[in-house]
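First up is the structure itself, then whatever we jot down about it.
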Amino acid sequence: MNGAAQRPWQNVTLALGFAFLYLPIAWIVLYSFSGYATDGGGRFPSLHWYQALSVDDELLDAAYRSLRLALLSSPIAVVIGTLAGIALGRLERFPGRSVLLALLAVPIFAPEILLGFSFLMLFAGLGAVTGWQEGKGMPTLVIAHATLGAPIVASVVFARVLGRDRALEDAARDLGARPLRVFLTVTLPLAVPAILSGWLLAITLSFDDVVTSSFLAGPETTTLPMAIFSSLRVGVNPEINAIGTLMLIGVALVFTAAFAVVSLGKRAKTRPVG
Amino acid sequence: MTGSRLTAVDRATIAVPLAWMLALLAVPLVFVALLSVHGVADAIPPIAPLFGRTDGHWTLHATLRAFSLMAGDVLYRAAFVSALINAALTMIGCVAIGFPIALAIAQAPRSRRNGYLFLAVLPFWTSFLLRAYAWIGLIRDSGPINAALMSLGWIDHPVPMLFTPAAVWLVMVYSYLPFFVLPMYAVLEALPAELLAAAADLGARPAYAFRTVTLPLALPGLISGAVLVFIPAVGEYVIPELVGNSSTIMIGGILWDEFFQNRDWPLAAAIAMATFLLLIVPSFLLRRWIGPLGATQR
């Protein structure tokens, strides 16, 4: 759309919209530096809750576990999702295409509570049949999170591969490259930006998941969102603000970097080459 | 691909994700469907076996107990209705707030658009749970909103906002907003500027041009964004649980309680099946509005 005529309503809309979006974020950060609440000290900028967090082993363990879970499950999601996205984007018809599309749409649309429940039923059912006792814990969490992340990766990779000129692949083939070599040296590298952003999405999804994890986690595998969720039932706890502020800083750093890389890449691409 | 012959590599890129997704999404659905016709038992897992062997004969113990329980209970019907109403209100809120934001970003100068979009999306990269938590802090009785209203002298004592249906609606709209804004922006941004310029040249006022040019062209994006909000919102569990009250118990909460508190797995499975069918039918009817993988059709 043409952006020549900047009208006042647009600025007002954006200002109100961003105020609405950032109000809760501002509260999380500001309140994390509060000195009072249970402690009684009234000094405002205080690191009291950060100190409390630094000795809260339960919360820190959960945070570490969530990080590990995200880093273990997201690569699986990336592999499955990338293959699916490439298959769907490159090949217009193949047996099972509509089945694959429908299956990938399920985690995007279906409420998480249905997915979490179904995963547990699968693992419980397998356990009943095979006597496998690992029904709850890290392995099942990793498998479930990978399954939730794969469609997100697939949709990003699919969008990138779709409608892409096949000339490079054809050229490689004409020059005698075998299919695997074409795939590894042409198809895959071209999808790398999409794969990376899909990976970030899969990490975020896994790190944030509470419902599916609640069905699948055992007593020893409480994740950070589960720990936060159970503490929220009790009320406001500025320690959560402190850990939330740290998470915000991490996310902001990663995404500002990713955004900068993407816009630099775009700028480089729009420049005439050769 | 020019020919229709698939190479071994093509086959692998199809087979691996297809096998994984079938095993982890289709198979569990079959398990859930089977579970819903089981009886309950005091065992681990708490279900009665589907087959029994009496006098050397195999007998089938399938039962519709869970479904008749679900159909007969007013509470469950109320939960389904309240989930649908809540999802519809969330959808309306997201359209009402998200459409102007998407339009304002799409009509901003090209150089600023990516920055605005980044700002609009950034909050949603942060934890969903943390944002719900922030609203608890903001709207509780001793929170900053009540404090501000009191210091302005507009109210004498805190207005109870937390643990109300309105709080559920507010936090749902806030949380689901990006699912609407992103596809909506993608459609609005792709509208050819020449059309609006032509309308203006022909004497259309901005409001008229919006109604006759922008809106009809943006409708597919609007509908697909609305569906992307509505369907996951129906099963939302966390937000009603955190900021709602007993009047905002929805399907998600019922399923959760039947599973975790009452340990009635067959009933939870029946509720899951009912929810799944309830959502699959509208998805199927609306599929022409939604591209593959939820991608917006242009």
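Overview of results
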{"read-out": "Between 0 and 90°, nearest 10: helix B:165-190 axis offset from chain B longest Cα axis", "value": "60"}
{"read-out": "Alpha-carbon radius of gyration plus Dmax, which is the widest Cα pair, for region A:144-243 in Å", "value": "20.6, 66"}
{"read-out": "More than 17 Å apart - percent of Cα-Cα pairs taken over region A:98-175", "value": "61"}
{"read-out": "Packing-based exposure ordering (other Cβ within 10 Å, fewest first) of A:H145, B:H157, B:H38", "value": "B:H157, B:H38, A:H145"}
{"read-out": "Cβ-Cβ FRET estimate between B:E194 and B:A48, R0 fixed at 56 Å, reported to 0.05", "value": "0.25"}
{"read-out": "Cβ-placed point charges (K, R +1; D, E -1), dipole of region B:30-182 about Cα centre in debye, nearest 20", "value": "640"}
{"read-out": "Loop-located GluC sites (Glu not before Pro) in region A:17-120, at most 11 other Cβ atoms within 10 Å (DSSP)", "value": "A:E92"}
{"read-out": "For residues of A:18-29, the mean tally of beta carbons on other chains within 10 Å", "value": "6"}
{"read-out": "For chain A, projected area of the alpha-carbon convex hull averaged over all directions, nm²", "value": "21.6"}
{"read-out": "For region B:256-268, Karplus couplings with θ = phi - 60° (6.51, -1.76, 1.60), whole Hz, Gly/Pro x", "value": "4, 5, 4, 7, 7, 8, 7, 6, 9, 4, x, 5, 4"}
{"read-out": "Cα-based helix-to-principal-axis angle, B:215-234 vs chain B, degrees rounded to 10", "value": "30"}
{"read-out": "Dipole in debye (nearest 20) - the protein assembly as shown, about Cα centre, beta carbon charges: Lys, Arg +1; Asp, Glu -1", "value": "2240"}
{"read-out": "Exposure proxy order (Cβ contacts within 10 Å, fewest to most) of B:V281, B:V159, B:V95, A:V142", "value": "B:V281, B:V159, B:V95, A:V142"}
{"read-out": "At 0.692 mPa s and 37 °C, Stokes D of the protein assembly as shown from Kirkwood alpha-carbon radius, µm² per second", "value": "127"}
{"read-out": "Largest-first principal axis extents of the Cα set of region B:74-294 (Å)", "value": "66, 52, 28"}
{"read-out": "For region A:143-157, Karplus couplings with θ = phi - 60° (6.51, -1.76, 1.60), whole Hz, Gly/Pro x", "value": "4, 5, 5, 4, 5, 6, x, 4, x, 5, 4, 4, 5, 5, 5"}
{"read-out": "With Cα atoms, 0 to 90° folded angle of helix A:57-90 axis to chain A main axis", "value": "20"}
{"read-out": "Residue among A:G125, A:T222, A:F109 farthest towards the positive dipole end of chain A, charges placed on Cβ", "value": "A:F109"}
{"read-out": "Estimated dipole of chain A in Debye, rounded to 20 [Cβ of Lys and Arg +1, of Asp and Glu -1, Cα centre]", "value": "1320"}
{"read-out": "Square roots of 5 times each gyration tensor eigenvalue, C-alpha, region A:67-221, largest first, Å", "value": "33, 16, 14"}
{"read-out": "Top of B:L170, B:L138, B:L119 by mean-square fluctuation, Gaussian network on chain B, Cα under 10 Å", "value": "B:L119"}
{"read-out": "Helix-only [θ]222 nm of chain B, DSSP H runs n ≥ 4, -39500 (n - 2.57) each, per residue, nearest 500", "value": "-20000 deg cm²/dmol"}
{"read-out": "Interchain or long-range residues, amide H under 5 Å from B:I47's placed H", "value": "B:A41"}
{"read-out": "Of B:F180, B:V234, B:M91, farthest towards positive along the dipole that unit charges on Lys, Arg, Asp, Glu beta carbons give chain B", "value": "B:F180"}
{"read-out": "Cα centroid separation - region B:230-284 against region B:52-113, whole Å", "value": "7"}
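Values in this text are rule-based calculations from the coordinates and carry no lab data. Because the structure is a prediction, the values reported are computed rather than measured. Note that we place each Cβ from the backbone using ideal geometry, even for glycine, and neighbour counts take in every protein chain shown.
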